[in-house]
Amino acid sequence: MQPELFFVCELEGKIVGTTIAGFDGVRGWVHKVACAQELRRSGVDRNLMDAAENALRELGCVKLNLQVRAGNDQAVHFYEQLGFQPEERTSLSKHLS
């Protein structure tokens, strides 16, 4: 829906990371961040997040949200290092299949 918020990182002709974000006019969301296992902590994931944040900021976004699955402490630590803070929320979902 918003191709300007889809980012891909290539290294030597291979895709090594991607980020998908979205903006509904009120809040920005990071939906997915993926980085090749062997390149984690190399800056690829941080650069992808920077790209997403900058693009959202340019669209007028002032608050960025994301969700991490319970128990994924490594991901929580990564995002906390980027300045994210946990918020008390109840996450609800409904499958439409």
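The values are calculated or read from the model by the stated rules, or taken from the named source; none is laboratory data. Here the structure is a predicted model, which is why all the values come from computation and not from measurement. Cβ atoms come from the backbone with ideal geometry, glycine included; neighbour counts cover every protein chain shown.
Note on segment 44-63: residues that are touching a helix residue (DSSP H, G or I) at 6+ places or on another chain (Cβ under 6 Å) and not in a helix (DSSP H, G or I) total 0. Residues that are of a type in the set (A, V, I, L, M, F, W, C) and part of a loop (DSSP other than H, G, I, E, B) within segment 1-43 comprise Met1, Val26, Ala36, listed in sequence order.
Residues that are of a type outside the set (A, V, I, L, M, F, W, C), at negative phi and without any contact (Cβ under 8 Å) to a residue 12 or more places away in the chain within segment 61-84 comprise Arg69, Asn72, Asp73, Gln74, His77, Glu80, Gln81, listed in sequence order. For segment 30-41, filtering for residues that are in contact with a strand residue (DSSP E or B) (Cβ under 8 Å, 6 or more places away or on another chain) and over 14 Å from Leu56 (Cα atoms) leaves 6. Selection over segment 1-29 of residues that are aliphatic (A, V, I, L, M), at pLDDT 95 or above and closer than 18 Å to Glu58 by Cβ gives a count of 3. Filtered by the rule that a residue be in contact (Cβ under 8 Å) with a residue 12 or more places away in the chain and more than 15 Å from Gln67 (Cα to Cα), segment 27-38 gives Cys35, Ala36.
Would you please name the residue that is surrounded by the most Cβ atoms within 10 Å (Cβ to Cβ), looking only at residues in segment 1-58 that are of a type in the set (Asp, Glu) and under 22 Å from Gln74 (Cβ atoms)? The residue in question is Asp45.
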